[in-house]
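> A single structure is presented below for examination.
None of the figures in this text is laboratory data; all of them are computed from the coordinates on show. Just so it is clear, the model here is predicted, and its values are computed rather than measured. A quick note on method: Cβ atoms are made from the backbone with ideal geometry, for glycine too, and the neighbour counts reach across all protein chains shown.
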């Protein structure tokens, strides 16, 4: 069974059933939290942490992790609320205008339970035109910018709080193939990549490396910088 500390973490951050300290003590507050959780999940309310309560608690935490992943997080779905899951909750809350306390309470869950489909009306910092192919020979949008990639850019912009210039977004195949060092299967061709410059951040190799690390923590499948031809831009793709 989960140890008491892990039970407290799951019950605190996954629904705020437990409201006490994370102290590994099974006191009245924790037992009351068992009861609140059991009532919410349709279990027998006996305030005893048994196998059915544990199975439901782990599954509830897994479902939270899945929902966060659907919105751009990159969590291991293990049903254990820890530092990475709490950080993902806070990041999601910050991007969505919620109090970033790391607790997946009713307001956070209401947002998470909405379909993950995003439209340009949901994008805070960028416009579709910023991602268009610049070749002048196609219509600019041989494919649409992938909204998960645009969401990632919104998250990066939120974290750094500085203007971001998209230096390369969508590329038609002809334009992509004309660029030195670009591969035919570049994620830019499918609308799943962006190269960008952050004002005052991307001016040094160390600064760009920090952005790469942050982008990966925010859900980028791949990110790099400081390669020939990239200049002061950072690449991300999902």
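> Round to the nearest 10 and give me the degree value, 0 to 90, for the angle of helix 4-13's Cα axis relative to the longest principal axis of the chain.
Compared with the principal axis, the helix lies near 60 degrees.
> Using only the alpha carbons of the range 120-237, determine the length spanned along each of the three principal axes and report them from longest to shortest in whole angstroms.
Ordered largest first, the range 120-237 gives principal extents of 36, 35, 22 Å.
> Here's something else I'd like to know. For the range 140-165 and the range 10-37, write down the distance between their C-alpha centroids in whole Å.
38 Å
> When the Kirkwood hydrodynamic radius is evaluated over all pairs of different C-alpha atoms of the chain, what value in angstrom, to one decimal, is obtained? Walk me through the numbers before you get to the answer.
Working: mean 1/r = 0.0507 Å⁻¹.
Computed over the chain, the radius equals 19.7 Å.
> Right, another one. As a footprinting exposure proxy, order 71, 235, 188 by other Cβ within 10 Å, with the fewest listed first.
71, 235, 188
> Let me ask you something else. Residue 204 versus residue 139, label points 7 Å from Cα toward the beta carbon: distance in nm?
Here the answer is 4.6 nm between the modelled labels.
> Additional query: So how far apart, in nm, are the two label points at residue 74 and residue 121 if each is 7 Å from Cα heading toward Cβ?
For the pair residue 74/residue 121, the computed spacing is 3.1 nm.
> How would you rank 156-164, 199-207, 178-186, highest first, on the average number of other Cβ atoms within 10 Å across their residues?
On the way: 156-164: 16.1, 199-207: 13.2, 178-186: 11.3.
Descending mean neighbour count gives 156-164, 199-207, 178-186.
> Sticking with this one: For the range 22-171, what does the relative contact order come out to in percent, with C-alpha contacts under 8 Å and a separation of six or more?
Answer for the range 22-171 is 15 percent.
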